[in-house]
Amino acid sequence: MYLFPLLLSSLLPFLSGTVAQDDNIECSDSSLQTYLVSLIDVLYANGLTIYEDLLAEIVQADSGYDLLSSFESATSLTLLVPTDAAFQTAGIWSPFADQGETDLANLVAYHTLSGGWNYSSFPGSPSHGVASTMLGMASYANDTTSGSEAMQAMILMQGEGGTIVENSIYGNATTWGNPLDLSGTGLNNLVILPINTVIGFPVNLSAAVTMPTTTRSTHGLTKLTTAFDAVSSNGAAALDGVTSKGFTIFAPVDDAWTGEASTQANDSKVAPTMLGNHYTTSYSLYSAGWSSGSFPNLTVVSGQTLSITSNSSGAYIHMGTQSALILRSDITLENGVMHIIDAVLLAEDVSSSAPTTIATTNSGSATGAGTGTGAAQADATSTRSSYGSSSNGASSGASRVVAGKGAVTAMTMTLLATVIMVIQ
């Protein structure tokens, strides 16, 4: 779901902020004011006037002021700046009467990547990279109780002609072939990449399962939805909430729900355990975590332990003797990440004391132990105040993308590396 509705009007070109640049930034910090004036001068000179007006608008509110202050203090950031045409298509233009100040600040935060990124930072399709944005999951979800300090991620890859392609559940957005020339501007910590689309915010799980994700799930994940409906009065929405530690789900496509999988989905005593084999509320695991070849000991809410291996034919998830191919990885959600798989991980030896309902993602309900090797976790708190520490963003973004309360391990240092993604 896009935050802003599509508004088309014959008056649109006259309503956009193309008349004059706004150097009258209202800011109590003179250093920040100088920085922002330099930024809007660059935006105006390159015809990015609606984003320019947007910055002048959000700096007047606390949330926007704090965000823009972090721009100046960051070691390196990449701004994905929608063109005026992109904003107009999305129905966003000055004076932003239909959008709240917090929503607008969240929009800017989501289009801002930690670290300085360029074309060579990413692999080409079908592989991709994972970058951390400056949008907090709890902030966007208006969550005040989970304690989550995880940041939203963005999936990026090389495009044609030096462009960078952003890939999400909505489709693709493409940057210009080259970043803006910032020489002599004093904006030494920024990379500015104009982009042809206002990128939609990640959806929650209950919306994601209704949307096309692969050629084997063009009508969504209806069988998974039905299975959740059978064990929870809220269905998949029971897993929409933000947790303190993260959320990862491995979601089977519809044609996997045959035979024993269908039987278990319709057995009220078995279904909660079977569904619990597919998700965790203890970490958000992106595919860079297994790009090195294998990833062991991922505990899910059923108590089972999963492992992941990858090779030239793709990435596979294993539970005991069962395996499933990951058809598509890294579909970002409001509260974590979803991976599409080609098989159902069946329940084994369900005890009489097994739960009769699923574990939810209500705040603080992290029921999966997630304590295997610790490598599936990262300490989001330790990097919350850091907005960049290297030229390519590899160290600044890694531990902020994964939500967890464990040691920062080797996975967090490779989280933004090239990953294998198979899309069918």
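The values are calculated or read from the model by the stated rules, or taken from the named source; none is laboratory data. The structure presented is a predicted model; accordingly, all values stated were derived computationally and were not measured. Using ideal geometry, Cβ is built from the backbone for each residue, glycine included, and neighbour counts are taken over all protein chains shown.
Per-residue answers, yes or no, for (1) over 22 Å from Leu298 (Cα atoms); (2) in a strand (DSSP E or B):
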| position | (1), (2) |
| --- | --- |
| Ser233 | yes, no |
| Ala237 | yes, no |
| Ser244 | no, no |
| Ile249 | no, yes |
| Thr258 | yes, no |
| Ser262 | yes, no |
| Asp267 | yes, no |
| Met274 | no, no |
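Per-residue answers, yes or no, for (1) farther than 14 Å from Pro202 by Cα; (2) touching a helix residue (DSSP H, G or I) at 6+ places or on another chain (Cβ under 6 Å):
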{"position": "Phe87", "(1), (2)": "yes, yes"}
{"position": "Ser94", "(1), (2)": "yes, yes"}
{"position": "Gly100", "(1), (2)": "yes, no"}
{"position": "Leu107", "(1), (2)": "no, no"}
{"position": "Thr133", "(1), (2)": "no, yes"}
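Which pairs have Cβ atoms under 7 Å, sit 6 or more apart or on different chains, and link a residue in region 105-125 that is closer than 12 Å to Leu67 by Cα to one that is among the hydroxyl-bearing types (Ser, Thr, Tyr) and assigned to a helix (DSSP H, G or I)?
Close Cβ pairs (under 7 Å, with a partner that is among the hydroxyl-bearing types (Ser, Thr, Tyr) and assigned to a helix (DSSP H, G or I)) amount to Ala105/Ser63; Asn106/Ser139; Asn106/Tyr140.
Restrict the check to region 329-336 and report whether at least one residue is part of a loop (DSSP other than H, G, I, E, B), in the same structural domain as Gly289 (by TED's automatic domain parsing) and touching a residue at least 12 places away in the same chain (Cβ under 8 Å).
yes
Which of the numbered conditions does Val209 fail, given that it passes all the others? Conditions: (1) without any contact (Cβ under 8 Å) to a residue 60 or more places away in the chain; (2) over 18 Å from the mean Cα position of the chain (by Cα).
Answer for Val209: the failing condition is (2).
Cβ-Cβ distance below 7 Å, separation of 6 or more or different chains: which pairs start in region 32-60 with a residue that is under 16 Å from Ser73 (Cβ atoms) and end on one that is polar (S, T, N, Q)?
If the second residue must be polar (S, T, N, Q), the pairs left are Leu32/Ser69; Ser38/Thr185.
So, in region 231-254, how many residues would count as being without any contact (Cβ under 8 Å) to a residue 40 or more places away in the chain and over 16 Å from Asn277 (Cα atoms)?
4
Does region 205-218 contain any residue that is out of contact with any Phe, Trp or Tyr (no Cβ under 7 Å at 6 or more places or on another chain), at pLDDT 95 or above and of a type in the set (Lys, Arg)?
The answer is yes; a qualifying residue exists.
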